[in-house]
Amino acid sequence: MLINFFHGLRDAGIPVTTRELLDLLEGLKRHLVVGSVDQFYYFSRACLVKDEKYFDRFDKAFGAHFRDLEGLDDIIEAMIPDDWLRNEFMKELSEEDKAKIESLGGLEKLIEEFKKRLEEQEKRHEGGNKWIGTGGTSPFGQQGYHPEGIRVGPNGGNRRAVKVWDKRDFRNLDDSVELGTRNIKLALRRLRKFARTGSAEELDLDDTIRSTARNAGLLDIRMVPERHNAVKVLLFFDVGGSMDPHVKVCEELFSAARTEFKHMENFYFHNFLYESVWKNNIRRHHERTALLDILHKYGHDYKVVIVGDASMSPYEIVQPGGSVEHWNEEAGEVWLRRLRQTYEKCIWINPVPEDEWEYTQSIAMTHQLMEGHMYPLTLHGLEEGMSFLSR
């Protein structure tokens, strides 16, 4: 049963190893989990999942494996030892309840009857004394009354159920979802190169201790400049038109980048890079910066990050005069190549989901111009992009 569960997790893209499976089996052997699917869920997740971004995939794989009827026998046999069924469980019942449990032929008969009725039942049932449902006096269901029952669904009302079989819904923490500012910061921290700059404002504890010891115990405080991320970044944002739905996540990315990178310059463009960009969207028609000036002003050690959906007419990329806002004497692809020739590390971050890229010709063209260094605006995409920039 657990071997199939293990393969199900692997098929779901969770990097679970044999060592972690053995840890889970050892815990079950030592009876760390006894008789509770909830306990098994949390314990198996703790053993098998080492990164919270895989929690959503684990939830789906867990539900898919243990939701079907075939898993019921396995769960009962693997998770509830025989001695617990006959000893620990019986301790919780009064003599009257023990006698009533035998009314269906014992616990084994109760479970067998539960599976049989589950297979026969085709719709939701409420009330009554036979089918699985809510209310009523059937031994199988929720919020009814029967002392030897199996509860199906959320917490019941009489707290007399023998077996809990809950349907769970968990919050999505997958790494394929769009990000908040905090997670963006964590992803951007992959691009780090620390240096001490500025005035000496931070206590150097190690040097202070050494200097004080050399000074016969007289305190000699030593200060050093603060450590900052010395990576230099040029950040270009596409604004307007098809980028309007992505404003919020782009604002979060900008805010996170401002915090993480001390040396960062940002500029805006519309649809594609041409001969000029701007820093103020309100005055973009009057105050523009020539892209050639940027290429000459900022050193080759800068890392370039372009953020845009690359969704436009292909003519805006490959044709002079293709821009929808002005007459560009040279095609956008010419300017993008110049940028990439000037800066060795250059990536394109796309807020459009990656599985939709192939349906837009301009995205495919831009992806090719970037030589594959286009990444989705997700946790995983940002991590991959920052990893490339930091090499």
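The values are calculated or read from the model by the stated rules, or taken from the named source; none is laboratory data. As the structure is a computational prediction, the values presented were derived from the model and not from experiment. Neighbour counts run over all protein chains shown; Cβ positions are idealised from the backbone, glycine included. For accessibility, only protein heavy atoms count, side chains too; no ligands or nucleic acids. Shrake-Rupley method; radii C 1.70, N 1.55, O 1.52, S 1.80 Å.
Around Met264, which amide H atoms from residues at least 5 apart in sequence, or from another chain, sit under 5 Å from its own amide H, with H modelled in the peptide plane?
Result for Met264 returns Val233.
Pairwise over distinct Cα atoms, reciprocal of the mean inverse distance: report the Kirkwood radius of region 322-390 in Å, one decimal place.
Its Kirkwood hydrodynamic radius stands at 13.2 Å.
Provide the gained length on full extension for the span Glu95 to Arg210, in nm with one decimal, where the gain is 0.36 nm per separating residue minus the Cα-Cα distance.
33.9 nm
If R₀ is 22 angstrom, what is the calculated FRET efficiency for the pair Ala290 and Gln341, using the beta carbon separation as r and rounding to 0.05?
Once the sixth-power term is evaluated, E becomes 0.85.
For the pairs Lys279/Lys345; Lys29/Lys50; Lys50/Lys232; Lys50/Lys262, note any where the Cα-Cα span goes beyond 29 Å.
Those over the limit are Lys50/Lys232; Lys50/Lys262.
Could you give each residue of region 305-315 its phi-based ³J(HN,Hα) in whole Hz, using Karplus coefficients 6.51, -1.76, 1.60 with θ = phi - 60°, and x for Gly or Pro?
Karplus-based 3J(HN,Hα) across region 305-315 equals 10, 9, 10, x, 8, 6, 9, 6, 6, x, 5 Hz.
Using a ≥ b ≥ c from the Cα gyration tensor of region 282-374 (square roots of the eigenvalues), is it rounded, prolate or oblate, where a/c under 1.5 gives rounded and otherwise the larger of a/b and b/c decides, a/b for prolate?
Oblate.
What full-extension length gain, to one decimal in nm, is calculated for His380 and Tyr42 as 0.36 nm per residue of separation minus the Cα-Cα distance?
119.2 nm
Per residue, how much accessible surface does region 1-51 expose to a 1.4 Å probe? Answer in Å², no decimals. Mind dumping the intermediate values first?
Values: 2790 Å² over 51 residues.
Accessible surface, normalised per residue, equals 55 Å².
Short version: ³J(HN,Hα) in whole Hz for each residue of region 295-300, in order, from phi by Karplus 6.51 cos²θ - 1.76 cosθ + 1.60 (θ = phi - 60°), x for Gly and Pro, what are they?
Couplings: 4, 8, 7, 9, x, 5 Hz.
Does region 231-296 come out rounded, prolate or oblate by the C-alpha gyration tensor, with a ≥ b ≥ c the root eigenvalues, rounded set by a/c under 1.5 and, if not, prolate when a/b is larger than b/c and oblate if not?
oblate
For the pair Arg391 and Asp244, what calculated FRET efficiency results from E = 1/(1 + (r/R0)^6), where r is the Cβ-Cβ distance and R0 = 30 Å, to the nearest 0.05?
The computed FRET efficiency comes out at 0.30.
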